[in-house]
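All remarks here apply to the structure that follows.
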Amino acid sequence: MALRHLGFVDLPEHANAGGFDHAAVHEATGRIYVAHTANDAVDVIDVKAQKYVGSIPGLSAVAGALVAANPDLVFTSNRGENTVGVFAPGDAPRVEKIGVGVRPNGLAYDPRRARLLAAHVGDPAVAGSCTVSVVDVRARKRIADIPVAGRTRWTVYDPVADAFHVNIADPPQIVVVESGDPVGIRRVVPIPHAGPHGLDLDVARRRLFCACDAGVLLEADADSGTLLATEAIAGAPDVVFFNAALQRLYVAIGDPGLIEVFDTAPLRRHETIVTETGAHTLSFDAARNIVCVFLPASHRAAVYSDRA
């Protein structure tokens, strides 16, 4: 087996419904920032010490976290207040908030231009609310809003294509959004399976990995959108992360509660790890080959190391 269980980290109990959501790792310090949606907070874990450090409150219905190594910032999507949060990693950070569209969810960052893309879930009662926003992080202001065809899921920035890839749940597609000016849609890639959800990118091999609610994992050419391979997965996925060093992909599936690990060259299942019902999100620390899965029923993080 590749994933070796190292232990658990206890996290605060849930104040409300909602559990955990997207997480990101600040590799320089080994700290994980995980959206604790139920608590309107981001929980911070020291992965090296395997301990809970503290929480950053006041982030209404926070749906995700993203870490940028340069200029060393953490971003959050605050779905309950239609903002993104920006703060520096460290103890007791000061969070700045920037207004975006309706119910932000996925986040991706272009380090060259210091632009953040926020992809929005939208509100069925609000016409035209399915959009993505582009934020100028240096100026701390939103500079563009782009309509998309439906509810968004996750998004990634592609430094080679110099564009953002954004999953759309329905109609199922991946939208490629220009990062440079003029900001807009470069192309739309139809997806032949329902509910594109988790998304990550192998930059070197030019491969996109898209996990769909229909129970299918897709490999696509990142430049053309051509579908190259498919593999069945055990249920509706959420978060996926790609491990470039080991050429592996981790797929979190909340029901029944699994991590499915795939080799990616070629795409094939490597192993399946049972976690906990409802555990639909995970983090990946590329500097240490550490995977953490967030367990909502027991409000813990399960910590695993990967190896060749």
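I'm told Val102 meets every condition in (1) without any contact (Cβ under 8 Å) to a residue 40 or more places away in the chain; (2) of a type outside the set (D, E, K, R); (3) open to solvent by less than 10 Å² (accessible area, probe 1.4 Å); (4) in contact with a His (Cβ under 6 Å, 6 or more places away or on another chain) except one. Can you identify the failing condition by its number?
The one condition Val102 does not meet is (3).
Any residue in segment 220-232 that is of a type in the set (Gly, Ala, Ser), surrounded by 18 or more Cβ atoms within 10 Å (Cβ to Cβ) and in contact with a Lys or Arg (Cβ under 6 Å, 6 or more places away or on another chain)?
Yes: segment 220-232 contains one or more residues that are of a type in the set (Gly, Ala, Ser), surrounded by 18 or more Cβ atoms within 10 Å (Cβ to Cβ) and in contact with a Lys or Arg (Cβ under 6 Å, 6 or more places away or on another chain).
When segment 190-203 is examined, which residues are found to be over 15 Å from Trp154 (Cα atoms) and assigned to a strand (DSSP E or B)? First the steps, then the outcome.
Applying the first criterion (over 15 Å from Trp154 (Cα atoms)) to segment 190-203 yields 190, 192-193, 202-203.
The answer is Pro190, Asp202.
When you look at Arg268, is it among the basic types (Lys, Arg), assigned to a strand (DSSP E or B), open to solvent by 20 Å² or more (accessible area, probe 1.4 Å) and modelled with pLDDT of 95 or more, yes or no?
Criteria met by Arg268.
Restricting the search to segment 279-299, which residues are farther than 11 Å from Glu27 by Cα and of a type in the set (Gly, Ala, Ser)?
Ala279, Ser283, Ala297, Ser298
For segment 6-24, enumerate the residues that are farther than 23 Å from Trp154 by Cβ and surrounded by fewer than 14 Cβ atoms within 10 Å (Cβ to Cβ).
Selection gives Gly7, Asp10, Glu13, Ala15, Asn16.
The values are calculated or read from the model by the stated rules, or taken from the named source; none is laboratory data. Just so it is clear, the structure is predicted and the values come from calculations on it, not from any experiment. Every residue, glycine among them, receives a Cβ derived from its backbone with ideal geometry; neighbour counts consider all protein chains shown. All accessible areas refer to the heavy atoms of the entire protein, side chains included, with ligands and DNA or RNA removed. Shrake-Rupley method; radii C 1.70, N 1.55, O 1.52, S 1.80 Å.
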